[in-house]
Amino acid sequence: MDGLDEALAAVDAFDRTLVTGLLRPRPDRAADLVELARAVAGSPLAAGVAEAVEKAAAGAAGEDHFVALAAARTALLGAAHDALTSRADETTGRTRGAQAPPAAGDRQSVNLLAAARTWLCELARTGWQGIDHELAGGAAPIVSAMLPQPGLRRLATLLDGFAAELAASCPGAALDRVPARRWGDLWSRALLLTCPGAAGPPAAAPATGRLLPLGVDLHEHATAAQAQVHAVFEPADGTPPRLVRASVSVPKPDTVVAAGVWQLLRPHLSLLAALGEGRSMDLDGMPLTDEGDLIWDDAQARTGEPADALATARVALSTAVAPPVAPLDRHPTRLAEPVFLEGYDTHQDGDTLTFTVAGQTFPVDTDRIPEAGPLTPETVAASGACIALLRWDDGGFRLQPLAVLATVRRKSVALHAGAWAGGTTDKAGVRAEKAATDAVTVLRERAGRLLRK
């Protein structure tokens, strides 16, 4: 795609400046800054970024200059996202909804936003190689003050996680490898969120109709888990079906793994049980944002009729309207488009599995298949039909399987990554659930003793 490599190269150039810091930039880092300015020269950001680059190259950048640099970096990744999304829409034949104006947000504490901005600018001056525990710990009082305010929790959570990553990597001078793109993403996003009005809540409207689950994308970390259900929503008013998502996140003990995470997530999202049972859900006035996210409330949903996810994908995905993406969420890693494939050829080369369909070959990201379900790389390789998320990673499109129709012991079987979400009789799943129950019970007893003391 024209300009994509150049845009990403400019982002990489700026990220190199954050590695060594902008307090006293070296000549080669000053050249990297100029590359960023050149990349946005034809945009409305040009004048502000040119000034910011000049000041930063001289080691005299102020907070407004750092915000301009973060905006330029974010704009380039947003343009890359838009180009990739357009290509994905052309491939799938999908139409996309228009972006609505942002809703008015609550009045936020200017002082706390300013404190966060000061800390982030100090990070940029110091650079990732210069971080130490004192600098990383500077975010703690800011996060503590932000968390009680609902309008600031999004930024507070980002700062908290970012500071924890930095603290775990101290001292920066000893790092063998710096995650420059990731830390650049976190830094620029956080800095833009300190601008008043940048983190306003998305506009939402009540949604009534039938929800047909497609599959679940499960993210599991040592202390947290998130399930994001992708689905097709058929409005009761007869308007075109829409692609939507419903998400739930929970903290978890590091001893709860594999299928055990479902019992932590299940109580907060009844949709998971419906997904595991292969059923639709009927929604009545459920808030739905313009970006396609359901603000889930179990009181506004009830379990519906049986609904086969593969049949839904085969029939409805081609006509479902995709939601627009909020401006600050425009990033290549944000791309996760549900697609339905069948009649493809599979090829296994070592650990690399690829699907070839309609003359195009896509690597299959089997590392994203969760252990908390019956779907495995082997069953994906034996499949003939697949629901997947089309993603962009490592310079190309990849497929993340959510469900497949595979031949197992000479029988055609539908296997879903979220098949155990509502409970399971599978032996491995039952063992994992029991282990999780035991772990949570022990932790609750310990917490109870601590509280009594």
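Computed from the coordinates by the stated procedures, all read-outs in this text should not be read as laboratory data. These figures come from a predicted structure and were not determined experimentally. Methodologically, a virtual Cβ is constructed for each residue, glycine included, from the backbone with ideal geometry; neighbour enumeration extends over all protein chains shown.
Modelled spin labels at residue 153 and residue 425, positioned 7 Å past Cα toward Cβ, are 3.9 nm from each other.
Amide H to amide H distances under 5 Å link residue 293 with 245, where only residues 5 or more positions off or on other chains count and H is placed in the peptide plane. Of the residues 369, 142, 295, 387, the one with the fewest other Cβ atoms within 10 Å heads the list, and the complete ranking is 295, 369, 142, 387. Taking other residues whose beta carbon is less than 13 angstrom from the beta carbon of residue 428, and scoring Lys, Arg as +1 and Asp, Glu as -1, yields 0.
Computed from phi, the 3J(HN,Hα) profile of the range 129-134 under the Karplus parametrisation 6.51, -1.76, 1.60 (θ = phi - 60°) reads 6, x, 5, 9, 5, 5 Hz, with x in place of Gly and Pro. Could you pull out which residues in the range 273-316 have an amide N less than 17 Å from a spot 7 Å beyond the Cα of residue 99, following the Cα-Cβ vector? Under cut-off, by backbone N: 289-293.
Using 0.36 nm per residue and subtracting the Cα-Cα separation, the extra length available between residue 6 and residue 226 on full extension is 75.8 nm. Using only alpha carbons, the range 143-279 has a radius of gyration to Kirkwood radius ratio (Rg to Rh) of 1.04. Here the Karplus relation 6.51 cos²θ - 1.76 cosθ + 1.60, evaluated at θ = phi - 60°, turns the backbone of the range 403-417 into coupling constants of 7, 9, 10, 10, 9, 10, 6, 6, 10, 7, 10, 8, 10, 10, 4 Hz, with x for every Gly and Pro. Rg and Dmax of the chain, based on Cα coordinates, read 23.4, 69 Å. The mean sequence distance of close C-alpha pairs (under 8 Å, at least 6 residues apart), as a share of the length of the range 243-301, puts its relative contact order at 40 percent. Distance from the Cα centroid of the range 110-144 to that of the range 393-425 is 42 Å (rounded to whole angstrom).
Once backbone amide H atoms are built at 1.01 Å from N, residue 225 has 250, 252 as its partners under 5 Å, excluding neighbours fewer than 5 places away on the same chain. Please list the helices of the chain that count as membrane-span-like by this rule: a mean Kyte-Doolittle hydropathy of at least -1.0 together with Cα atoms stretching 30 Å or more along the helix axis, each helix being a complete DSSP H run. The qualifying helices are 63-92, 427-452.
Per-residue Cβ neighbour counts within 10 Å put 14, 340 in the sequence 340, 14, beginning with the fewest. Amide hydrogen proximity for residue 214: with H placed 1.01 Å from N in the peptide plane, the residues at 5 or more positions away or on another chain lying under 5 Å are 230, 231, 232. A viscosity of 1.306 mPa s and a temperature of 10 °C, combined with the Kirkwood radius over Cα pairs in Stokes-Einstein, give a translational diffusion coefficient for the range 199-241 of 123 µm²/s. Computed 3J(HN,Hα) for the range 367-379, one whole-Hz value per residue from the Karplus formula 6.51 cos²θ - 1.76 cosθ + 1.60 where θ = phi - 60°, is 5, 8, 6, x, 6, 8, x, x, 6, 9, x, 5, 6, glycine and proline marked x. Applying 0.36 nm per residue to the separation of residue 268 and residue 181 and subtracting their alpha-carbon distance, the gain on full extension is 28.0 nm.
What the Cα convex hull of the range 204-316 gives, in volume per residue, is 98 Å³.
A convex hull fitted to the Cα coordinates of the range 1-121 yields 135 cubic angstrom per residue. A Förster distance of 60 Å, applied to the separation of the beta-carbon atoms of residue 145 and residue 410, puts the FRET efficiency at 0.45. D for the range 100-201, whole µm²/s, Stokes-Einstein with Kirkwood Rh over alpha-carbon pairs at 10 °C and 1.306 mPa s: what number? Calculated translational D: 113 µm²/s. Fewest-first ordering of 86, 280 by other beta carbons within 10 Å of each residue's beta carbon gives 86, 280.
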